Amino acid sequence: MDKIERTLGQLFEGRDFEKEYQEVKEKVLSYEPIRQFLMENKADISEQMINQNISNLYEFMTQDQNFKEKKETLMPGYAPKLVLNGEFMTVTYYPTPEKIEQDKRRAIERRIRSLYMPKQVVEASLDQFYTDEDARQYALIEAFNFLKVYEESSTTMVKGLFIHGSFGTGKSYLLGAIARELALRGVSTTLVYLPEFMREIKQSISDNTVGEKIQFAKETEILMLDDIGAEAMTAWTRDEVLGAILQFRMQEQLPTFFSSNYNMAQLENHLTFSQNGTEEQLKARRIMERIRFLSKEIELNGTNRRN
């Protein structure tokens, strides 16, 4: 015990705590934002209240200085503010505009689940969708029509879009832009690049996760299947994967979007032939019946925007 007391004595020896306190207090009270706060509330603040709250005032001063100098604060992304609450002067923290915008972006990103889609598509915007050609104007009108009807309808089936056209016309971009607009309205969407998804499904047979991945695509609020018809389709992936997903979504009346280089008639022909060349017209027709039930066909032809 004697050793501890000697150590403490040496630590505090020669220190004038009253002087140090007065120096800190003077520094705090001369800090302009605090001085302004005390002036604005002088009718409600006494000298005793200032003394009782000097630690809170000191916290505000140090955090406000750090915030303004872009140094680390106790709550990154939040700015300090002095608030008078009865006999207490407390420090509250409110989100900065940058923090609010960041949180908004993250909330949007959480509502757009993307599988194998490029960043440009996931970050697409309807505001940046070119309307310099008639087909593009019509496609944009159909996109806004869907958004309006979906927002107003809570019980009736709302069809998605089957967007087809030549390479580079912006089919995938339009899907991404619709997904982002839905996210802004609080609706979750899953964007899937179908050829890669089908490859992963085949690889998942070995680890028994096929059912889990198919179920995920079945149940998502809004599903967008990009580039249908570009995948190496087999009878199994057509019937047990794509067919199962579309059947569930048709029964549950869940909006589903598609993009393709084929129109619906061409896609049916594509689906008629499995990879081994076996013709199965009836099964292909069943798939197309589901696609027609779930979506409205629109054409998006025009300039190749990739060139």
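Candidates in the stretch 235-266 are the residues that are under 18 Å from residue 281 (Cα atoms) and among the acidic types (Asp, Glu); of these, the one that is most open to solvent (accessible area, probe 1.4 Å) is 240. Of all residues in the stretch 77-92, those satisfying the criterion of being free of Cβ contacts under 8 Å to residues at least 24 places away in the same chain and open to solvent by less than 90 Å² (accessible area, probe 1.4 Å) are 78, 79, 80, 83, 86, 92.
Give me the residue from the stretch 205-234 that is within 22 Å of residue 183 (Cα to Cα) and polar (S, T, N, Q) and, out of that set, least open to solvent (accessible area, probe 1.4 Å). Across the stretch 205-234, the extreme among qualifying residues is 220.
The single condition among (1) at pLDDT below 90; (2) surrounded by 11 or more Cβ atoms within 10 Å (Cβ to Cβ) that residue 52 does not satisfy is (1). Set side by side, the residues 290, 285 differ, and just one is charged (D, E, K, R), surrounded by 15 or more Cβ atoms within 10 Å (Cβ to Cβ), assigned by the TED database to the domain that holds residue 187 and closer than 24 Å to residue 157 by Cβ, which is 290. For the stretch 167-199, the set of residues classified as open to solvent by less than 50 Å² (accessible area, probe 1.4 Å) and farther than 19 Å from residue 143 by Cβ consists of 194, 195, 197, 198, listed by residue number. Of 151, 142, all but one fail to be in a helix (DSSP H, G or I), within 24 Å of residue 229 (Cβ to Cβ) and not assigned by the TED database to the domain that holds residue 42; the exception is 142. Condition first: touching a Phe, Trp or Tyr at 6+ places or on another chain (Cβ under 8 Å) and open to solvent by less than 60 Å² (accessible area, probe 1.4 Å). Now tell me which residues in the stretch 104-129 satisfy that. Those that are touching a Phe, Trp or Tyr at 6+ places or on another chain (Cβ under 8 Å) and open to solvent by less than 60 Å² (accessible area, probe 1.4 Å): 115, 117, 121, 124, 126, 129. Looking only at residues of the stretch 130-150 that are closer than 16 Å to residue 161 by Cα and among the aromatic types (Phe, Trp, Tyr), we find that the one that is least open to solvent (accessible area, probe 1.4 Å) is 146.
Here is a yes/no grid of residues against (1) under 21 Å from the mean Cα position of the chain (by Cα); (2) farther than 17 Å from residue 118 by Cα:
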position: 182; (1), (2): yes, yes
position: 187; (1), (2): yes, yes
position: 191; (1), (2): yes, no
position: 201; (1), (2): no, yes
position: 217; (1), (2): yes, yes
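Considering the conditions (1) in a loop (DSSP other than H, G, I, E, B); (2) under 20 Å from residue 21 (Cα atoms), residue 90 is excluded by exactly one of them, (1). Might you let me know whether the stretch 94-103 holds any residue that is in a loop (DSSP other than H, G, I, E, B), modelled with pLDDT under 95 and either open to solvent by less than 90 Å² (accessible area, probe 1.4 Å) or not charged (D, E, K, R) (or both)? Yes.
The values are calculated or read from the model by the stated rules, or taken from the named source; none is laboratory data. These numbers were taken from a predicted model, which means no experiment stands behind them. All Cβ positions, even for glycine, are placed from backbone atoms using ideal geometry, and neighbour counts span all protein chains on display. Note: accessible area is taken over every heavy atom of the protein model, side chains too, but ligands, DNA and RNA are not part of it. Shrake-Rupley method; radii C 1.70, N 1.55, O 1.52, S 1.80 Å.
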